[in-house]
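What follows is calculated from the coordinates using simple rules that are stated; it is not laboratory data. Remember, predicted model here, so these are calculated numbers, not experimental data. Don't worry about glycine lacking a Cβ; one is built from the backbone with ideal geometry, like all the others, and counts go over all protein chains shown.
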Amino acid sequence: MDYQYASSNPSNPVDCIHDLINELADPDIPLEKFLQDTVNVMHERLCIHEATIGLRDTDGIYRYKVMAGLEDSEWEAHQRLSYSREQFDDPSLYKFKQIGKYTRLYLAEDNPYQEGEEETYSKPLMLQSSRKSLEDTIEGDYLDIYIYGKNDELQGWIEISGMKNGKFPNAETIKVVELLASVIGAMIARPRPKPA
C-alpha cells in the first residue's frame, strides 16, 4: 500500500530532476543524450542501483537503448534482447504486480525472466539472496515504468532495480520516474529537427 500513496516526506525527489527537465528547452538535444542523462540522474541522484531505458524502433520492435549502473557483461546481454508489443502484456511470460497506472513490479521469486535473459542478472546471487523484510530488494527484482506517446501508444519503458541501500524505491521516487517516463514520451512525440 505504501506504493499507492505518497508519504509526506518533505525532501521531494522532484528537486533532483530540474536540470534534466531544463535540457528540454534545447530543441536540438539528441534523444539518446537526453535518455542517457535521464538514467544517470536516476542512478546518481535518485540512488537507484540500476536503470535502463528501452524504446520502440522503426521496425516496431522494442530494444534497450541506454543504461546506468549495470556491469558491462549485463549490459551486453540486455542489448541482445528485443521484444514485441504483445510480450509486454502477457502474464504467462512475465508475472507482475501492477502498482500504478504506469508501473509494474516483478519479484525474483516469481522468476520474471525468459530464455535468453539469463545473463541480464546474477542467478547465483539471486539464489543466495534472502528477503529479510518486505522493503528489501534481492537480485532479480525490478520495476518497469511504461513510456506512452500519443493516444497512449507504448513507446518504451524505464526499468529500474532497487535502491543503492537495498530497499525498494519509495512512492515519491516511483512518481518521479513516472514523471520522467511522461517527459520522454512527450519528447518522442514532438517534431524533431531534420539533420542538415
### Query
Under 26 Å from the Cα of Lys175, which lysines turn up, not counting those fewer than eight places away in the same chain?
Lys33, Lys65, Lys95, Lys97, Lys101, Lys132, Lys150, Lys164, Lys167
### Query
Stretched out fully, how many nm does the piece from Asn151 to Leu134 gain, at 0.36 nm a residue minus the Cα gap?
2.5 nm
### Query
Using the Cα gyration tensor of region 32-189, with a ≥ b ≥ c the square roots of its eigenvalues, what is the shape: rounded (a/c below 1.5), prolate (a/b larger than b/c) or oblate (neither)?
rounded
### Task
Starting with the highest mean, order 161-168, 135-142, 173-180 by the number of other Cβ atoms within 10 Å, averaged over the residues of each peptide.
173-180, 135-142, 161-168
